[in-house]
Structure formats: C-alpha cells, structure tokens
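Novice: Take this structure, written in structure tokens, and hold onto it; I'll ask about it next.
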Number of protein chains: 4
Amino acid sequence: MEPVRKQTAAQTSSGGRPRSPRIHQAILKAAVDLVLESGSRAISMDDIAARADVGRMTIYRRWCNKAAIIMDAFVARVDPGTLFLPARSYTESIRLQMRSMAKAFRGKDGALIRALLAEAQFDPRLAVELRDRWTMPRRKMAISYFQRGIKDGLLRSDADPDAIIDILYAPIYYRLQMGTGPLSDAYVDEIFDHAMKGLRKV
Amino acid sequence: MEPVRKQTAAQTSSGGRPRSPRIHQAILKAAVDLVLESGSRAISMDDIAARADVGRMTIYRRWCNKAAIIMDAFVARVDPGTLFLPARSYTESIRLQMRSMAKAFRGKDGALIRALLAEAQFDPRLAVELRDRWTMPRRKMAISYFQRGIKDGLLRSDADPDAIIDILYAPIYYRLQMGTGPLSDAYVDEIFDHAMKGLRKV
Amino acid sequence: MEPVRKQTAAQTSSGGRPRSPRIHQAILKAAVDLVLESGSRAISMDDIAARADVGRMTIYRRWCNKAAIIMDAFVARVDPGTLFLPARSYTESIRLQMRSMAKAFRGKDGALIRALLAEAQFDPRLAVELRDRWTMPRRKMAISYFQRGIKDGLLRSDADPDAIIDILYAPIYYRLQMGTGPLSDAYVDEIFDHAMKGLRKV
Amino acid sequence: MEPVRKQTAAQTSSGGRPRSPRIHQAILKAAVDLVLESGSRAISMDDIAARADVGRMTIYRRWCNKAAIIMDAFVARVDPGTLFLPARSYTESIRLQMRSMAKAFRGKDGALIRALLAEAQFDPRLAVELRDRWTMPRRKMAISYFQRGIKDGLLRSDADPDAIIDILYAPIYYRLQMGTGPLSDAYVDEIFDHAMKGLRKV
DNA sequence: CATTAAACGAGACGGTACGTCACGTCTTGAC
DNA sequence: GTCAAGACGTGACGTACCGTCTCGTTTAATG
C-alpha cells in the first residue's frame, strides 16, 4: 500500500533540478480555491493543474490523489498552535475550544474536512492519513488536557478521556455532515452544558 | 432539482409491459452484495447490471444514481419496527436502543450507511434523501421519546431533545467513520452513562 | 497479435444497437481529409474524432490505430476495377496501367500510401494488412497478366513475373518516397521503355 | 527550418569544457543497438540516454531528433569507400555493387535505412538530410559510372542515368520495405539481368 | 596553479497524445 | 412499454514522451 503523498525525499539525495516550492504552494492554493468554489467532486486534476498553471504530471509527481492534495492543503491551513487557551476556568477553556472549532467548521475548513472525511470513507490510505495528521494530534492534546482535569478533581475520575472527547466533539462533526441544524455557538453551548452536567434529572 | 428515485408512477397509467418487481429486487441485492464485497466506489453501474443479469437501461429507468440504489437498498434492509423497546426502565430502553444501533453499524448496515453518508457530502439531492428517509424519521421517534421523558421528570427539563440525540448518537457515527476505536457495547455504555450523569465531578 | 481492425463481427450475433455505418464513413472521411491537410503524423485521434463529430471511444471501438483507420480509408478509396485496360497492344496496356498508378500517386492516394508504407515499417501488423489488402491483390492481377504475355510469346519466357513487377513498379514507389524527381508520365515512359528493351547496348 | 544536426561549431570559440567525443560515440552506439533490438519507434530518448549512461540534455545538445541520431549513426556506419569495384567487366561491376548493397540491406543497415526512410516520410527536414547525405552521394557516383558506360558504348545512348539507377536499385528498396520476398543475390541477379537485356521477347 | 565557462548527470517542468474507464443516453430486436 | 445488449458522446483518468529548464558537479583550456 503505497503512500498518499509521494516521497519528496526522492530527491533529497543526489542531483537533478529541485522541486519548486512555489509550484507546491500554487497547487495547494488552486486546489483549495477550486474545492471551495465548486466542491471537491466537481473538480478534476486538469482543473487544478490549469488553475495552478502547472502540468498535470507535476501534480502526479507529488500526490497520487485529488484527496491527497486537499489533505495537504487542509493540514497546511490549520493553525497548529495552542488548542486549549486559558480562560476564566478549566471547563470554560474547553467550551471556548469547542466554539473555535465550530467556527472553523462554519468556514472554509468545514468544507474541506467534509470532503476529506467523506473521501476517507472510500480510501483506506486517506483514512489513515486523516487520522494520523488531523484527528489523532488533536485527540492527543485533548486527552492530556482532560487527564489533567481528572487528576485535579475537576472531571469525574471514572471518565475515559476518549469518551469525553467523543461526547463533546462528535456532535460537531455530526451537524457538519448531517445538516440537522446550524453549527452555532448556541448549539455548542447546549452540547457542552448538557455533557457537563448530565442529561438525567437529579 | 429532479428526484433521486425516479417516479415509479411513470407507468401507473396505461398499457405496456409492467416493470418486473423481481428485477427490482435483483438489482438491489446485486448492489448491496457488490458494495459489501468491494466498496461502493470500486463498483460501476455495469458491475451491478452484470451481477443482477440486467440491462443497464433497466437500472437507469428506476434510479438515476449508484447512490440512489444503495439508498433504496439500505432503507429496505432496515427494520422500520419499534425503535425503543420496553426495558427495565425508561433510560435502560435508551441504552438498549443505542446498543442495537451500534450492533447494526458493526455489520452490513455500517458499510452501507458509511457509503451513503459520504456520498451525501458530495450530492445535495442524496443528502436530502438520506435526511428524509433515514435520519429524520429516527430523530422524530427519538424526540417524542425524549419529550415524554422530560414531561415525566426523568430527563432535565432544560434539555433540548435535539441536543440529547446528538450527545447520545453522534459518537456512534463518529466512531463508525473515524475508526478511533471499536463500536462495542462497552463503548456505547460509556457514552450513555457519562451523557446521563454528566462529565463534571459533583 | 491482435488484429488492426477490430472485429465488426463482434455484434453480428445477438442483440444490441448496431454500429452506425454513417459514423463509420464519417470517421474515414475525417481521417483522410485531415491526413491530406496536415499529414498523418501531425493529427491525433482527438482531431479525427472532433472532425467526424464523434466520441473517441467510438473510434477505438472499431480501430486500434491511427494507421488502421487510414488503411481502411485508403483501401475504400481505391477503385478495385479492372487494372489492365485494353489498349493498342498488350504492352501498351502495361504502360497505361503504370501511368494511371503514377497519376494516383501524384494525387491524394500518394499521400496516403506514403503514410501507410512508412507506418508499416514500424508496425508489423500494419505491414501484413498493407500487403494483404493493397500490395498482393495488385501483384496477383499483374502476375496473371504477365503470365499471359509470357505464354503468348510477348515477354521473355525466362522472366519471373515477380521480377517484372518489381522492375516496372518499384521505381514509382521509389520516386514517391525519395523525391528524387517528379512522378511524371515522361518518367513512367522512360522506365517502361528501358525495362522493355533493356539497358545494354545491343 | 533549423538543421537536424546541431552545430558542433557552437563551441569552436573560447573556453569551457569541450564536448566529449567518447560520449558522442556512446550515444550513437546506444541508439543503433536499441533500434536493432526494439525498432526505432519503440524506443525513447530516455531509453537512449539510459543505455548510453548519459543525461538527456547531453543528447539534445547535439541532435534535435531521435531520427537525427539514427541518421548520424547510419551514415557513420557506411563505408564511404569505392562503390563500383573493378570486376570481370563493366557491367559485372554493377551487379557486384547491387549485391553488396543487398547484403548490407539484409543486415543491420537494412533496419536502419528502413527506419530512416520511413521517418523521412513524416519529417521534411529529415528527408532532406537523407537525400543529401545518403541518397544523392550514391546516385552521383552511380551517375558518373553510368555516364562512362554510355560514352564507352556499353549502355544505350538514349538511357537517362537517373532512370537506369531507378530500374536497378528501386527494386532493392521495394523488397526491403514490402517484404514481398527475400533480398537474395538470386533476386538481385534476376533484376540485373532483365534490366540489362530487357523484358520484351526479341 | 587558480579561474572560468561550458559540458555533464539528474530530474523537475509545461505540454500533448495516448488508450481506458465509467457515465448516462440512445437505438436495435425480442417479448 | 419493458427488457438485454450494446453503440454512442462525453469527459476524467493516469501514463508516456517530448523538448526545455535548472540544479550541483566535473573537466579541460586559459590566464
């Protein structure tokens, strides 16, 4: 199972003309622009090549898939910075993080992640990439944040961090895909509040 | 925006050879079998036609899409029966319902809904169909069940049934797609329990 | 070694839409026109398809090669009628036949046969086709004509009809390809006369 | 219309590393070997470069075409020495020359000239090169030989040397390309004898 | 010797054409 | 009017070469 991204390292070693990073960026930008304009399914490799003013082979030399391009473009867009910013309280910081994610999903990132997640259902290689480069890094950060909360007695000690993540964030993905309602801050608050205090009447 | 399923009523009227229901079923079965064997992306209309031993036009006369076939096949598979079976208690019935859904998703239904949900991200018509024929009917049933629980004082009176549904069920869809872990009964229980009693340490 | 022309017989048997002979002709005409306009090397399958107002697949369904199309078009152009028309004398009929061939080679047929003969040097399948459908039929007719001349005591009894053909006709092919001079009637006469009476001074 | 061979004089002037003649030969050898192995159409510039262990640019610095390489390689192979060796008689010398040409065409030179002649049908520049560097030099030598024969009363005084050449040599090219029979000495003799004494029964 | 300028290998690059695949429509004859 | 079969126009796919370009590295003549 060959990789989705093609080894840029292929030319690290010996001679030959180096791959232009300017072209690399042009392709990523063209891909993102076109996906946001027309949807990832509606565009072809030719479209991307034409928009980036690049030969088709130049694309295939670097990526094996339309999805792989979008993946790289998406990951490059994401601010890898601190996820859980300090707030009034430990839990408020979680709420803010959820809101910022919802905000991102309402914008361009939402369209991209929708395309990637959908495409990953058909392509196992892409699924792995998505998990490794997007999902898991964020889950890991969240897990450590939640573990601190548990240790500090702010969250239930019997709670599995993985389950906490799913309860809080899965609804955001769900609405993104299902369109059962707006991905508003109010919705995020609703999810957050009920997840925190529980659904059962005490 | 023309419909995904083609009006079977097209031939309600006058004479001519009636459409064979045997063929209808053969196509649905062929489609499901092939999707489960190779994945919905890997198969073509020709493949389905060949497997069903049917002309391609016979398929296009009834559906306009590969996805539309899978949609029909999927909806036909689903037991439209009672969702929330009686159990030891009101909330236990919810847990059982979640478990039965997870079980379905672990099997063939999981593969089909994954394909449909993914395809719906690209095709708005299919998204509407999926919402109307799968998502919303189940949500409506769940909403009325949750409303009864609220009225009976078993669930918080400030809880929005839509939010309740999302907190409980979104994680199941999430795991189905993300593959961050098994869709086991233990996982369902974890989600259910924490959603019910809340994540915050009391 | 699969054939150059694709078996039209593929569909002689059972059902299915029959191949349109109108399209067949349109493709052949488009190919010939384009070859004469731009040369066989300069045109692509797409060009032919576009000119014939036809899908590319429709061409590939019938021929596997650009050359195969040109071959069919060329053979179809040729008047299969009588080669050696009656003339003042037995040998004059030969001269007239040579002249008519040179005339054809000066016109459109010349461009086509040049392309075919050249392409056949690279493609053994095409070489066989050309031999079977163009070269040999004409050689056979010529051989029988020459054999009659030998039997009637008009040509040397020690002459091999194959050699006679080559001496008379090879120069015409040679000039067509080499361009060492015009393919005029005067040239044909020169070849004919000297071949008949010999080069050595008596 | 720029030349087929690139001006080696490009570097006559000042300093810089001189072009390696060893590389020059390696390319020619690689080209010939590959053409004889696989045919001129089947091989690419990359193939030649790889076989000669040379960068592609190094080839394009010297030739502009695959055909131009083959042309140079072919011309380099040919013994430019005396064409018409002395023999028992004036005409026997012609026969021997024809035989030696047929022998060459039966071997590697045959494959090369076939490729060149075919390619020249598509590329006017190459056609000119082939005429100037192969065809015409030989024709000129032959013409002067035949003119001597005419002057000496050994050949008909009404014979055009150009026609003589065509009658004698065109059949050899014809068989080379058409494959209507072997290019044997017996065949050459047949052509020679009949061309000399004429086809018509006296 | 150090300089220098071109040759050299490698391989990226923009193109063009290829031949295949799938789509969705259409056109046969058989029922 | 449906059905199986398959032709048809369309358009994306991924590959193969082409001929040019751009790297870093030789390599020979010149200063």
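Novice: Please give the net charge around residue D:179, taking every other residue with its beta carbon less than 11 angstrom from that of residue D:179, where Lys and Arg add +1 and Asp and Glu add -1. Show your work: numbers first, answer last.
Specialist: On the way: positive: C:131, D:114, D:175; negative: none.
Here the count lands on +3.
Novice: Rank these by accessible area, largest first, 1.4 Å probe: A:24, D:194. Don't skip to the answer; put the middle values down first.
Specialist: Values: A:24 45, D:194 5 Å².
So the residues, ranked largest to smallest area, are A:24, D:194.
Novice: Would you mind calculating the relative contact order of chain B from Cα pairs under 8 angstrom and at least 6 residues apart, reporting the percent as a whole number?
Specialist: On the way: 150 pairs, mean separation 40.8, N = 202.
So the answer I get is 20 percent.
Novice: Ok, one more. Once phi is turned into ³J(HN,Hα) by the Karplus curve 6.51 cos²θ - 1.76 cosθ + 1.60 with θ = phi - 60°, what whole-Hz value does each residue of segment D:100-108 show in order, with x for glycine and proline?
Specialist: Per residue, the Karplus-derived 3J(HN,Hα) values read 5, 5, 4, 4, 4, 5, 6, x, 4 Hz.
Novice: Follow-up. Using a 7 Å offset from Cα along the direction of the beta-carbon, what are the separations from residue A:184 to the same position in each other copy, nm, ascending?
Specialist: Relative to the other copies, residue A:184 has label-point distances of 4.0, 9.4, 9.8 nm.
Novice: Further question: Please name which of D:50, D:35, D:23 has its Cα lying farthest along the dipole of segment D:8-75 towards the positive end, using unit charges on Cβ (Lys, Arg +1; Asp, Glu -1) and the Cα centre as origin.
Specialist: Positive-most Cα among the choices belongs to D:23.
Novice: Put +1 on the Cβ of each Lys and Arg and -1 on the Cβ of each Asp and Glu in segment B:96-202; which of B:188, B:167, B:134 then has its Cα farthest toward the positive end of the dipole?
Specialist: Towards the positive end, the residue furthest out is B:188.
Novice: Return the long-range amide H neighbours of residue D:123 (sequence gap of 5 or more, or a different chain), with a cut-off of under 5 Å between placed amide H atoms.
Specialist: Result for residue D:123 returns nothing.
Novice: Separation between the residue D:33 and residue A:180 pseudo-spin-labels, each 7 Å from Cα along Cα→Cβ, expressed in nm?
Specialist: 7.0
Novice: Taking every Cα atom in the protein assembly as shown, find the radius of gyration and the maximum pairwise distance Dmax, and write them in Å.
Specialist: 40.3, 131
Novice: Roughly how many percent of the accessible protein surface of chain A is carbon and sulfur, given a 1.4 Å probe and a whole-percent answer?
Specialist: On the way: 5030 of 9670 Å².
For chain A, the apolar C and S fraction of the accessible surface comes to 52 percent.
Novice: What are the nm distances, shortest first, from residue C:147 to its equivalents in the other copies, labels at 7 Å along Cα→Cβ?
Specialist: 4.5, 9.7, 10.0
Novice: Related question: Rounding to the nearest 10 and keeping the result within 0 to 90°, find how far the Cα-based axis of helix D:21-38 lies from the longest principal axis of chain D.
Specialist: Approximately 60 degrees, to the nearest ten.
Novice: Please state the charge dipole magnitude for chain B, taken about the Cα centre, from unit charges on C-beta atoms (+1 on K and R, -1 on D and E), reported in debye and rounded to the nearest 20. Intermediate results must be reported in sequence, preceding the final value.
Specialist: Numbers: 33 positive and 23 negative charges, 80 e Å.
Dipole size: approximately 380 debye.
Novice: Just to confirm the numbers: residue A:15, label point 7 angstrom along the Cα-Cβ line, distances to the other copies in nm, shortest first?
Specialist: Copy-to-copy label distances at residue A:15, shortest first: 2.1, 6.5, 8.2 nm.
Novice: Still on this structure: Around residue C:87, what is the net charge, scoring Lys/Arg as +1 and Asp/Glu as -1 over all other residues with Cβ under 11 Å from its Cβ? Walk me through the intermediate numbers first.
Specialist: Values: positive: C:88, C:95, C:99; negative: C:92.
Within the 11 Å Cβ shell, the charges total +2.
Novice: Then there's this: Which net charge results for the neighbourhood of residue B:102, defined as the other residues with beta-carbon distances under 9 angstrom from its beta-carbon, given Lys and Arg at +1 and Asp and Glu at -1? The partial results should precede the final answer.
Specialist: Numbers: positive: B:99, B:103, B:106, B:175; negative: B:185.
Computed value for this residue: +3.
Novice: According to the Kirkwood expression over distinct Cα-Cα pairs, how big is the hydrodynamic radius of chain D, in Å? Present the calculation step by step, with values, prior to reporting the outcome.
Specialist: Details: mean 1/r = 0.0527 Å⁻¹.
Computed over Cα pairs of chain D, the Kirkwood hydrodynamic radius comes out at 19.0 Å.
Novice: Right, here's the next one. Can you name the chain C residue with its Cβ nearest the rotation axis from C to A, and give the distance in Å as a whole number?
Specialist: Of all Cβ atoms in C, the one closest to the rotation axis yields C:46, 7.
Novice: Taking θ = phi - 60°, what integer Hz values does the Karplus form 6.51 cos²θ - 1.76 cosθ + 1.60 yield along segment B:141-152, in sequence order, with x for Gly and Pro?
Specialist: Each residue of segment B:141-152 in turn: 4, 5, 4, 5, 5, 5, 4, 4, x, 5, 4, 7 Hz.
Novice: Could you tell me whether segment D:93-187 comes out rounded, prolate or oblate from its Cα gyration tensor? Rule is a ≥ b ≥ c as square roots of the eigenvalues, rounded for a/c under 1.5, then prolate if a/b exceeds b/c, otherwise oblate. Don't skip to the answer; put the middle values down first.
Specialist: Details: a/c = 2.29, a/b = 1.39, b/c = 1.64.
Judged from the Cα gyration tensor, segment D:93-187 comes out oblate (a/c at least 1.5, b/c at or above a/b).
Novice: Might you report the magnitude of the Cβ-based charge dipole of segment D:31-137 about its Cα centre, with Lys and Arg at +1 and Asp and Glu at -1, to the nearest 20 debye? Provide the component values of the computation, followed by the final result.
Specialist: On the way: 17 positive and 13 negative charges, 58 e Å.
For segment D:31-137, the charge dipole is close to 280 debye.
Novice: On a 0 to 90 degree scale, rounded to 10, what angle separates helix A:66-77 from the longest Cα axis of chain A?
Specialist: 60
Novice: For segment A:79-197, give the magnitude of the charge dipole about the Cα centre (Cβ charges: +1 Lys/Arg, -1 Asp/Glu; no others), in debye to the nearest 20. Intermediate results must be reported in sequence, preceding the final value.
Specialist: On the way: 18 positive and 16 negative charges, 45 e Å.
So the dipole magnitude of segment A:79-197 works out to roughly 220 debye.
Novice: Moving on to the next point. If DNA, RNA and ligands are ignored and the probe is 1.4 Å, what is the ranking of B:70, D:23 by accessible area, most exposed first? Numbers along the way, then the final one.
Specialist: Values: B:70 10, D:23 35 Å².
Putting B:70, D:23 in descending order of accessible area: D:23, B:70.
The values are calculated or read from the model by the stated rules, or taken from the named source; none is laboratory data. On a predicted model such as this, the values are computed, not experimentally measured, just so you know. Methodologically, a virtual Cβ is constructed for each residue, glycine included, from the backbone with ideal geometry; neighbour enumeration extends over all protein chains shown. Calculation scope for accessible area: heavy atoms of the full protein, side chains included, ligands and nucleic acids excluded. Shrake-Rupley method; radii C 1.70, N 1.55, O 1.52, S 1.80 Å.
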